[in-house]
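For reference, the structure discussed in these notes is given below.
The values are calculated or read from the model by the stated rules, or taken from the named source; none is laboratory data. Just so we're clear, the structure is a prediction, and the values are computed from it rather than from any experiment. Every residue, glycine as well, gets a Cβ built from its backbone with ideal geometry; the counts of neighbours run over all protein chains shown.
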Amino acid sequence: MVTQQAEPAGSAEAGPVVAAPVIEARGLTKRYRGGQLAVDGLDLTVPDGSVFGFLGPNGSGKTTTIRMLLGLVQPTSGSAGLFGRPMPQAARAVLPHVGALIEGPAQYGFLSGRDNLVRYDATDPTADPRTRSARVDAALERVGLAAASAKKAKAYSLGMKQRLGIAAALLRPRRLLVLDEPTNGLDPQGMREIRALVRELAAEGTTVFLSSHLLDEIEQVCTHAAVMAQGRLIVQGPVAELSAGTRGRLAVTTPDPADAARVLREHGVTGIEAGAGRVTGDLPAVTGDAGDAESTKPAEPADPADLNAALVRAGVRVRAFGVERGTLEDAFVALTGEGFDVAG
Amino acid sequence: MSRAEATGSGADARTSSAGTPGGTPPDPAATGRERSGLWWTFGLFRSELLTTFRRWRTLALLAVLAAVPVLIGIAVKIETSGGGSAGEGGGPAFLTQVTNNGLFLVFAALAATLPVFLPMTVGVIAGDSVAGESAAGTLRYLLVVPAGRVRLLLAKYAAALTFCLAATLVVAVFALATGAVLFPLGDVTTISGTTISFGSGLLRALLVAVLVAASLVGFAAIGLFVSTLTGSGIAAMAATVGLLITVQIVDSIPQLGAVHAYLFSHYWLSFADVMRAPVLWDDVVKNLVSQAVYALVFGSAAWARFSTKDVTA
């Protein structure tokens with residue numbers, strides 16, 4: 001929680017002072033008793049102040065990794081560290097600074113939502129009992145559960161349970177929030193609220209480690225991302241760099257696809273695919289600062305407007321014209337060679 | 001989702017230092033050391049007690065235990081209303097005395113519930129203690145709070161022992177109340193034939209209740225250990241209660257006499273010796289030693305298992 005990390009977007013790369021990573025794993029490996037290799041030699045670095053998206057198909061080892069980071073599961077080999085301290089040895093000193101939502105919320109159904117939070121807070125020996133009531137109310141307020149706080153938790157909907165789980169993670173000011181699928185079970189409005197909350201927390205300087213299977217969610221809120229498949233980390237880095245790996249494609253909707261393809265080729269567009277009423281192609285080669293961390297979009301050297309003008313000059317009728325930006329999903333598919341929801 | 005800055009604002013300087021934006025980052029190591037003195041407070045134990053005793057299941061178990069002495073009292077009253085004496089056909093110890101002195105219902109009820117009912121309820125509470133949290137998924141949240149594994153285990157065991165005492169006292173108090181309502185109270189005739197005042201009889205009844213509760217210490221440790229082995233609360237409860245029944249059967253087979261002295265339930269009924277004059281402490285002490293050994297062995301086993309266990313539920 002240092003000043004230079006106050007701005008969340010892409011600043012960790014640009015900042016002159018690089019603080020110790022909030023999460024650092026080296027060669028982290030877990031082989032369960034059955035012999036199944038869940039995590040295989042994972043090297044992970046989560047910079048301070050980042051919103052870190054953790055992606056991977058079901059069964060790729062994300063949750064086992066999170067459990068090892070939080071000291072719930074003993075690594076078979078390798079090391080995991082939080083704030084530069086080894087886990088699980090330093091759990092007592094480190095975990096009070098970490099709020100977590102792991103594999104969905106869990107609560108005592110026979111207690112009210114509020115009493116659930118009181119229970120979790122009373123478990124924390126470093127939490128001050130004198131401020132408990134105020135902190136519990138503030139956390140409930142923050143996730144929009146204040147009105148339902150007296151209801152028994154078993155009567156909560158999945159979305160409300162999810163909110164209660166997030167409230168438990170926010171009982172105290174945290175330096176790191178680990179949120180595993182935080183928008184599960186929420187309606188679109190709830191998802192938007194959670195995303196807003198994550199941005200708000202990040203703006204306050206909290207590092208957020210967000211695992212999700214929703215790629216556009218990661219793309220919307222995360223500054224950094226890592227992709228796991230079959231227990232291995234495939235790639236990690238700032239989101240801008242990851243999605244820059246796949247350049248945007250030009251897409252023209254036209255009743256004259258053959259003419260359009262010819263004109264575009266003349267103007268240096270490569271990889272042209274002409275379909276019925278639609279032509280797509282890669283914009284001319286990149287020469288520019290693609291690694292610029294300020295921009296979340298890949299650099300686009302050729303102005304698409306000039307191409308549009310050229311098409312119209314050549315008498316090609318254009319219905320729609322635009323650049324389809326490279327998404328994280330494109331990057332993911334390019335990396336794994338498979339659809340996202342395919343289990344590894 | 002209103003913006004509630006107050007999350008940290010209510011905290012005093014010690015806690016709020018952890019999250020002030022723009023402030024100096026707290027060194028987790030330093031704060032950990034600074035607060036290590038607070039590690040062993042009773043907060044977690046109190047929370048365990050509240051959580052245990054606010055469950056309907058716990059209250060239902062206590063209600064069943066409370067019903068036992070009331071039923072015994074009513075049965076004895078009906079049986080003897082025609083002028084006959086109770087317990088001629090056998091039954092729990094002390095039953096014959098109940099009609100003369102209601103206080104004996106305490107001893108009779110404890111003798112009736114100790115072999116099965118009391119340990120069964122303890123088996124439910126202790127067996128469910130860790131496995132139930134694991135099944136509900138709350139265990140992982142308690143551990144990342146962090147509750148601390150050893151600390152959590154100790155709090156769970158302490159709560160289970162408190163339940164042992166509470167359960168025993170429920171039986172004793174309801175027996176005393178039923179006895180007072182249905183039967184005369186007065187000076188107490190001990191097993192040895194001497195007479196002691198009602199007051200000291202009451203004190204002995206309290207001592208007996210505490211000894212009965214102490215008899216469950218070893219079994220509670222077994223339940224805790226079983227609870228660390230599985231992720232299913234039902235399985236842990238069933239295994240613990242099954243073990244109890246097995247041990248009771250083994251204890252009743254004379255051919256297996258060689259192992260009887262080592263069974264946790266073998267000296268359970270030694271509490272009756274408190275009603276002798278003078279009190280015969282031999283078996284009482286053997287019972288307490290046996291319970292301590294069981295608690296130590298299975299407590300250590302639970303610790304060894306739980307402190308290294310991968311929490312995947």
Subset of region B:285-313 [among the small types (Gly, Ala, Ser) and within 25 Å of A:Lys62 (Cα to Cα)]: B:Ser307, B:Ala313
Assess whether B:Thr168 counts as being hydroxyl-bearing (Ser, Thr, Tyr), farther than 25 Å from B:Val241 by Cβ and away from chain A (no Cβ under 14 Å). no
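Results for (1) in contact (Cβ under 8 Å) with a residue 60 or more places away in the chain; (2) more than 8 Å from every other protein chain (Cβ to nearest Cβ); (3) surrounded by fewer than 23 Cβ atoms within 10 Å (Cβ to Cβ), shown as yes or no for each residue.
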{"position": "A:Arg114", "(1), (2), (3)": "no, yes, yes"}
{"position": "A:Leu117", "(1), (2), (3)": "no, yes, no"}
{"position": "A:Thr123", "(1), (2), (3)": "no, no, no"}
{"position": "A:Pro129", "(1), (2), (3)": "no, no, yes"}
{"position": "A:Arg142", "(1), (2), (3)": "no, no, no"}
{"position": "A:Ala147", "(1), (2), (3)": "no, yes, yes"}
Take the residues in region B:147-164 that are more than 10 Å from every other protein chain (Cβ to nearest Cβ) and not hydrophobic (A, V, I, L, M, F, W, C); name whichever of them is surrounded by the fewest Cβ atoms within 10 Å (Cβ to Cβ). B:Thr162
Consider region A:176-202. How many of its residues are more than 13 Å from chain B (Cβ to nearest Cβ) and part of a strand (DSSP E or B)? 0
Which of the residues that make up region B:285-313 are farther than 30 Å from A:Gln74 by Cβ and either without any contact (Cβ under 8 Å) to a residue 60 or more places away in the chain or more than 18 Å from the chain's Cα centre (by Cα) (or both)? B:Val285, B:Lys286, B:Val289
Where residues in region B:194-226 are among the β-branched types (Val, Ile, Thr) and in a helix (DSSP H, G or I), which of them is nearest to the chain's Cα centre (by Cα)? B:Val217
Whichever residue in region A:154-175 is assigned to a loop (DSSP other than H, G, I, E, B) and without any contact (Cβ under 8 Å) to a residue 60 or more places away in the chain and, among such residues, is surrounded by the fewest Cβ atoms within 10 Å (Cβ to Cβ): A:Ser157
State all residues of region A:230-272 that are hydroxyl-bearing (Ser, Thr, Tyr) and at pLDDT below 85; if no residue qualifies, say none. A:Ser243, A:Thr246, A:Thr270
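Residues are listed down the side, and each one gets a yes or a no for (1) buried (at least 23 other Cβ atoms within 10 Å of the Cβ); (2) closer than 23 Å to B:Lys77 by Cβ:
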{"position": "B:Val145", "(1), (2)": "yes, no"}
{"position": "B:Val173", "(1), (2)": "no, yes"}
{"position": "B:Ser192", "(1), (2)": "no, no"}
{"position": "B:Ala214", "(1), (2)": "no, no"}
Selection from region A:151-166 of residues out of contact with any helix residue (DSSP H, G or I) (no Cβ under 7 Å at 6 or more places or on another chain) and over 19 Å from A:Thr183 (Cβ atoms) yields A:Lys152, A:Lys154, A:Ala155
For region A:56-124, which fully contained helices (runs of 4 or more DSSP H) count at least 2 residues that are over 20 Å from A:Asp43 (Cβ atoms)? A:91-94, A:113-123
Criterion (surrounded by fewer than 18 Cβ atoms within 10 Å (Cβ to Cβ) and in contact with a His (Cβ under 6 Å, 6 or more places away or on another chain)) met by exactly one of B:His266, B:His260: B:His260
